[in-house]
1. Within the group 199, 158, which residue is more than 23 Å from residue 13 (Cα to Cα) and touching a residue at least 12 places away in the same chain (Cβ under 8 Å)?
2. For the stretch 80-87, check the following and say yes or no: at least one residue is under 19 Å from residue 47 (Cβ atoms) and surrounded by fewer than 23 Cβ atoms within 10 Å (Cβ to Cβ).
3. In the stretch 49-59, is there at least one residue being surrounded by 22 or more Cβ atoms within 10 Å (Cβ to Cβ) and more than 23 Å from residue 190 (Cα to Cα)?
4. State whether the residues of the stretch 21-44 include one that is touching a residue at least 60 places away in the same chain (Cβ under 8 Å) and in contact with a helix residue (DSSP H, G or I) (Cβ under 7 Å, 6 or more places away or on another chain).
5. Is it fair to say residue 110 is touching a residue at least 12 places away in the same chain (Cβ under 8 Å) and at positive phi?
């Protein structure tokens, strides 16, 4: 499979971009990944890049977007931070990716059993991690059930996964609120902003 060109990127709609990611994840789950000459893609992209998607995911070592979506060099922009939230720098990166580099979809990708989410659920404190986890606390507070304090911690994996999913939803809301550039692009159907969850047990990505 060859690297994307300006022409192939331009031909991809936001809906098609999502379909390409879904198809790639299906290949990954079925262990039928496309054969790629990655060094040839290095050469092909040396004079320019034309990715079709931007994925914001966690730094978790099990959740590499290029691998789980079966994509090659030059196919996607991958932004990663523990807990897959946005800040000014990540929003700026997304604006570059969509407005200037032409990607057609932003995917906010959470995952099950997320360590950052567990830390936020447990109100963990440690160095700079304390400030990072505070970005995820709104998702913890937004999940109202269970109300019993003894069940609202990392030992309750169902609660953790509910918070992870809520964190994806809140992050999407923050993108729309904090980036007029991306909101305008979404409103004009130039891009889509969507959420998804990766199951670390199965490899399956479920889109919202």
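No value in this document is a laboratory result; all are computed from the given coordinates. Because the structure is predicted, anything quoted here is derived from the model rather than measured. With ideal geometry, Cβ positions are generated from the backbone for all residues, glycine too; neighbour counts draw on all protein chains shown.
1. Values: 158 fails: touching a residue at least 12 places away in the same chain (Cβ under 8 Å).
Exactly one residue qualifies, and that residue is 199.
2. No, the stretch 80-87 contains no residue that is under 19 Å from residue 47 (Cβ atoms) and surrounded by fewer than 23 Cβ atoms within 10 Å (Cβ to Cβ).
3. Yes, the stretch 49-59 contains a residue that is surrounded by 22 or more Cβ atoms within 10 Å (Cβ to Cβ) and more than 23 Å from residue 190 (Cα to Cα).
4. Yes; the residues of the stretch 21-44 include at least one that is touching a residue at least 60 places away in the same chain (Cβ under 8 Å) and in contact with a helix residue (DSSP H, G or I) (Cβ under 7 Å, 6 or more places away or on another chain).
5. Working: touching a residue at least 12 places away in the same chain (Cβ under 8 Å): yes; at positive phi: no.
No, not satisfied.
Yes or no, residue by residue, for (1) part of a helix (DSSP H, G or I); (2) under 25 Å from residue 81 (Cα atoms); (3) out of contact with any strand residue (DSSP E or B) (no Cβ under 7 Å at 6 or more places or on another chain):
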position	(1), (2), (3)
7	yes, no, yes
21	yes, yes, no
31	no, no, yes
34	no, no, yes
39	yes, no, yes
47	no, no, yes
50	no, yes, yes
66	yes, yes, no
